[in-house]
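Comments concern the structure below.
The values are calculated or read from the model by the stated rules, or taken from the named source; none is laboratory data. From a predicted model like this one, the values you see are computed outputs, not experimental measurements. Here Cβ is always computed from backbone atoms with ideal geometry, including for glycine, and neighbour counts include all displayed protein chains.
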Amino acid sequence: MTKTILVGCGAGFANDRPDAALRLAQDLAQRSGQRYIMLELLAERTLAEAQLRKRLDPETGYSARLFDFLEPMLDLCIEAGIPIITNGGAANPRAAAQRLRHGLAGRSPELKIACVLGDDLLEETPPRYERWLASGPLEHPVSVNVYTGADGIAQALAEGAGIVLCGRVADPSLAVGAIRHGLGWAADDWQKMAVATTAGHLLECCTQVTGGYFAHPGMKDIPDPANLGCPIAEVHQDGRLIIGKTRNSGGRVSEQTVKEQLLYEVHDPRRYLTPDVVLDLGQARVQDLGEDRVEISSLLGHPRPDTLKGLAGVRGLWFGEAEISYAGPGAVARAALAREILLQRFDQLAPGIQPWIDLSGIASLFNDQGGRYLQKQLAQAPSLEDVRVRIGLTHTDRPQIEALLAEVESLYTNGPAGGGGVRRHLAETVTTRSFLLPRDEIHTTLEWY
Amino acid sequence: MNLVTLADYAHARAGDKGNILSIALFPHDPAHYPWLLRELTCARVAEQFATRQPSKVHRYELPNLNALNFVLEDALEGGVNRSCGLDRHGKSLSYLLLALRLPGPQG
């Protein structure tokens, strides 16, 4: 029998469910063989938000919910010898490591906590990132990071890390590092890296492969959808890859759930670029083995790219939204009149700032800035008795946005009959810019706590 | 002509990268794959998303998976960075594709 390792994923984004992660850890602790848990806690803009928190308090800046995931499973994983690998170090892996060590209060002195550093290009003195920005310099960047690959993680595990805290690292690489360590696969064995990266890609959004982002009653039903189990990849020395999930959990792993996630956010399936390999899914096959286990095969790999992706986060844009509703007879006509009034008011008060306007119930999710989809739907004379008018605005001038959002509230007294339920929301939004940089310019390092 | 709704024959998942929308689509019955290959041309998908004014539509075929992967450039109104819309990621847009009406497989 060839060697098999298990890699479970307990989080697919910053606000995922810690109770599901704990059940994953409890399940893995009872299994045998080499096991790992990965926690993916960063989205494109999360890192910039973490940098802002770090500026206010240098002891923060790691993922806000990192410890909600780590603390309940920590003793269990230490006891069972399950390394935890996470990008939840975010903008400050060192601070996360210090808090973790402090929280252990002398317990588990043998536990080695590694920080993988080198992704934070803003931290460099002097900063080098400006030379790689194709479209000119950045004004007030709050974060500039490079998506590193699995090298630092594999090295940390080889040196005995029980917890690996990373900042920005490509999501699948969290699993690739574990698999390289567990099975001794070489970083330039492209076929094996294709298998490892596919495992990471299927795991990285956690329950999106076990029945989340999937159910459609009557068409695609999912058992116990309130308690989806976290995914577990079984990776065999010979390159077999099987996706399963936490025992006795809700959800389902089927050909359908795996196929949907296999192509999720993929553009050209024959050239999926990651820092570890160029993955080719063009020949991929998916086979249901029953009992929530699905095998993925015929994965091809090509040498990893010479460039890495960088991502900069920039401040200064405000995103405002305001809503008001109309219900009962003539609701559509009154909501449409409210829209006309708002368009005219905006034109008078702030020519050049065009609001996005939805009539929820008629057109919102599928709508567009120009209201083309809304017009198309309105032309079909929809009959609804509860319609919500929503405006959305982005601008660098905060007071201007506030004034325009107030126009929605002013419809209480100035607008069509029976308008109610105004809500307003305004928040700074970080915009991101991606760029490419030469791989050989980036060297990750380890720090131990 | 006897038109059917794509959602009755296929399932799909949407993803975003910047201002680029991708949608992977799978027939419930693999026997319907050749029919979808024939009907769901880039032009037909571009027409379904006309109000989003994509600058380019790509289609990738994955016969082993009985899948089609559509990539629509500039279709997310600026995407999660800049869109003023409710669904800045475009997560719901798999269902705009599934709302497509097309000639049935038996025709």
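Looking at the range B:4-31 only, could you name the residues that are surrounded by fewer than 17 Cβ atoms within 10 Å (Cβ to Cβ), more than 8 Å from every other protein chain (Cβ to nearest Cβ) and in a loop (DSSP other than H, G, I, E, B)?
Once the filter is applied, which keeps residues that are surrounded by fewer than 17 Cβ atoms within 10 Å (Cβ to Cβ), more than 8 Å from every other protein chain (Cβ to nearest Cβ) and in a loop (DSSP other than H, G, I, E, B), the range B:4-31 yields only B:D29.
Residue under question is B:V71, and the condition is that it be in a strand (DSSP E or B) and away from chain A (no Cβ under 12 Å); does it hold?
Numbers: in a strand (DSSP E or B): yes; away from chain A (no Cβ under 12 Å): no.
Here the answer is no, as B:V71 does not meet what is asked.
Pairs needed: first member in the range A:43-58, in contact (Cβ under 8 Å) with a residue 40 or more places away in the chain; second member anywhere, in a helix (DSSP H, G or I); C-beta distance under 9 Å; at least 6 residues apart or different chains.
That search, which allows pairs on different chains as well, returns A:E44/B:V80; A:E44/B:N81; A:R45/B:V80; A:R45/B:N81; A:K54/A:A95.
Considering only residues that are polar (S, T, N, Q) and either away from chain B (no Cβ under 14 Å) or over 22 Å from A:L47 (Cα atoms) (or both), which ones fall in the range A:411-437? Let's see the steps before the verdict.
Of all residues in the range A:411-437, those polar (S, T, N, Q) come to A:413-414, A:429, A:431-432, A:434.
Result: A:T413, A:N414.
Residues are listed down the side, and each one gets a yes or a no for (1) surrounded by 21 or more Cβ atoms within 10 Å (Cβ to Cβ); (2) assigned by TED's automatic domain parsing to the domain that holds A:K245; (3) touching a residue at least 24 places away in the same chain (Cβ under 8 Å):
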residue	(1), (2), (3)
A:V278	no, yes, yes
A:R293	no, yes, yes
A:L299	yes, yes, yes
A:G310	yes, no, yes
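Here's the yes/no breakdown for (1) more than 25 Å from the chain's Cα centre (by Cα); (2) in the same structural domain as A:L24 (by TED's automatic domain parsing); (3) among the basic types (K, R); (4) under 19 Å from A:A14 (Cα atoms):
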residue: A:F67; (1), (2), (3), (4): no, yes, no, yes
residue: A:P72; (1), (2), (3), (4): no, yes, no, yes
residue: A:E79; (1), (2), (3), (4): yes, yes, no, no
residue: A:P83; (1), (2), (3), (4): no, yes, no, no
residue: A:A90; (1), (2), (3), (4): no, yes, no, yes
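Just to be sure I understand the filter: pairs with C-beta atoms under 6 Å, separated by 6 or more residues or on different chains, first member in the range A:212-238 and free of Cβ contacts under 8 Å to residues at least 24 places away in the same chain, second member part of a loop (DSSP other than H, G, I, E, B). Which pairs pass?
Note: pairs meeting the criteria are A:A215/A:I222.
Please tell me if A:L405 is at pLDDT 95 or above, buried (at least 19 other Cβ atoms within 10 Å of the Cβ), part of a helix (DSSP H, G or I) and not charged (D, E, K, R).
Numbers: at pLDDT 95 or above: yes; buried (at least 19 other Cβ atoms within 10 Å of the Cβ): yes; part of a helix (DSSP H, G or I): yes; not charged (D, E, K, R): yes.
Against the criterion (at pLDDT 95 or above, buried (at least 19 other Cβ atoms within 10 Å of the Cβ), part of a helix (DSSP H, G or I) and not charged (D, E, K, R)), A:L405 qualifies.
Going by what's in this entry, would A:Q348 be described as out of contact with any Pro (no Cβ under 7 Å at 6 or more places or on another chain), modelled with pLDDT under 95 and under 29 Å from A:Y412 (Cβ atoms)? Spell out how you get there, then give the answer.
Numbers: out of contact with any Pro (no Cβ under 7 Å at 6 or more places or on another chain): yes; modelled with pLDDT under 95: no; under 29 Å from A:Y412 (Cβ atoms): yes.
Judged against the criteria, A:Q348 is not a match.
Hey, could you check the range A:1-41 for residues that are among the hydrophobic types (A, V, I, L, M, F, W, C) and in a loop (DSSP other than H, G, I, E, B) and say which is surrounded by the fewest Cβ atoms within 10 Å (Cβ to Cβ)? Step through it out loud before you land on a result.
Here is the first cut: in the range A:1-41, the residues among the hydrophobic types (A, V, I, L, M, F, W, C) are A:1, A:5-7, A:9, A:11, A:13-14, A:20-22, A:24-25, A:28-29, A:37-39, A:41.
Narrowing the set further to residues that are in a loop (DSSP other than H, G, I, E, B) leaves A:1, A:13-14, A:41.
Working: A:M1: 5, A:F13: 16, A:A14: 19, A:L41: 26.
By that ranking, first place goes to A:M1.
Name, by its number, the condition in (1) farther than 12 Å from B:P105 by Cα; (2) modelled with pLDDT of 95 or more that does not hold for B:G18.
(2)
Scan the range A:324-332 and give yes if some residue there is of a type in the set (S, T, N, Q), closer than 30 Å to A:A170 by Cα and either crowded, with 16+ Cβ neighbours inside 10 Å or touching a residue at least 40 places away in the same chain (Cβ under 8 Å) (or both), otherwise no.
Going through the range A:324-332, the residues of a type in the set (S, T, N, Q) turn out to be A:325.
Subset that is closer than 30 Å to A:A170 by Cα: none.
Among the residues of the range A:324-332, not one is of a type in the set (S, T, N, Q), closer than 30 Å to A:A170 by Cα and either crowded, with 16+ Cβ neighbours inside 10 Å or touching a residue at least 40 places away in the same chain (Cβ under 8 Å) (or both), which makes the answer no.
Take the residues of the range A:283-329 that are more than 26 Å from the chain's Cα centre (by Cα) and small (G, A, S): which is farthest from the other protein chains (Cβ to nearest Cβ)?
Looking at the filtered set, the residue picked out is A:G328.
Pairs, please: C-beta under 8 Å, at least 6 apart or cross-chain, first residue assigned by TED's automatic domain parsing to the domain that holds A:G167 and in the range A:13-25, second part of a loop (DSSP other than H, G, I, E, B) and of a type in the set (D, E)?
Filtered contacts from the range A:13-25: A:F13/A:E40.
Only one residue in B:L86, B:L68 is of a type in the set (A, V, I, L, M) and within 30 Å of A:R424 (Cα to Cα), so which one is that? Give the steps one after another, and end with the answer.
Working: B:L68 fails: within 30 Å of A:R424 (Cα to Cα).
Of the residues listed, the single one that is of a type in the set (A, V, I, L, M) and within 30 Å of A:R424 (Cα to Cα) is B:L86.
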